[in-house]
1. Could you go through the stretch 109-114 in sequence order and give the Karplus-derived ³J(HN,Hα) for each residue, using 6.51 cos²θ - 1.76 cosθ + 1.60 with θ = phi - 60°, rounded to whole Hz, and x for Gly and Pro?
2. Leaving out ligands, DNA and RNA, and with a 1.4 Å probe, what % of the accessible surface on the chain is carbon or sulfur?
3. Whole number in Å², please: accessible area per residue of the chain, 1.4 Å probe, ligands, DNA and RNA not counted.
4. To the nearest 10 Å², what's Glu77's accessible area with a 1.4 Å probe?
5. Could you tell me the distance between the Cα centroids of the stretch 38-55 and the stretch 62-94, to the nearest Å?
6. Can you put Asp59, Asp98 in order of accessible area, largest first, using a 1.4 Å probe?
7. As a test of the formula, what do you get for the chain when each DSSP H run with n ≥ 4 contributes -39,500 (n - 2.57) and the sum is divided by the residue count, at 222 nm and rounded to the nearest 500 deg cm²/dmol?
8. Going by accessible area, probe 1.4 Å, with all protein chains left in place, what is the ranking of Met13, Met84, largest first?
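The values are calculated or read from the model by the stated rules, or taken from the named source; none is laboratory data. Quantities reported herein were computed from a predicted structural model and do not represent experimental measurements. Ligands, DNA and RNA are stripped out before the accessible areas are found, and what is left, the full protein with its side chains, is counted by its heavy atoms. Shrake-Rupley method; radii C 1.70, N 1.55, O 1.52, S 1.80 Å.
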Amino acid sequence: MTSRSRGSGKIEMAIENCRSEGKWKKVIELAEELKLGSPHYESLSNFLIGEGKLESFLDENPPIEANYAKAKTGLSEAKNFLQMVTGEDGQRAGIALDAHLLLAKLAYACGQYNEVLEHFVKAELNSLSEKELTP
């Protein structure tokens, strides 16, 4: 294992820890570091940056009607990052579905309910299968 891949592994672990703790600004920092370290991680980094920007915004601005206008402008950058990974690269990386779900959440925060439904269709939720969990 090279030092670069070990470094990426450490960053990925730190990102997971920060995501589980809701430390979104740190997730963004680490994702940008991951992206600089290897172009191989570009799709994942873009997804994480978009997720971090969305969740960080929602922490301070709940998705209520009074915040719709603010959300439309305040979430444009998050939307751009998430849209970058809905194509083939995101599908190959296995994150396109998650990106569509986050874009649906973002649209909901903006009061754009038709767009929410469009992202659910694009995520192909109807094709997901239920998996039995072990006790």
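1. Karplus values, whole Hz, x for Gly and Pro: 5, 8, x, 9, 5, 5.
2. Numbers: 4450 of 8590 Å².
Of the solvent-accessible surface of the chain, carbon and sulfur hold 52 percent.
3. Details: 8590 Å² over 135 residues.
Value for the chain: 64 Å² per residue.
4. Accessible surface of Glu77 is approximately 90 Å².
5. Result: 12 Å between the Cα centres.
6. Values: Asp59 105, Asp98 65 Å².
Largest accessible area first, the residues go Asp59, Asp98.
7. Numbers: 8 runs with 97 residues, N = 135.
Value at 222 nm, helices only: -22500 deg cm²/dmol.
8. On the way: Met13 130, Met84 105 Å².
Sorted by accessible area, descending: Met13, Met84.
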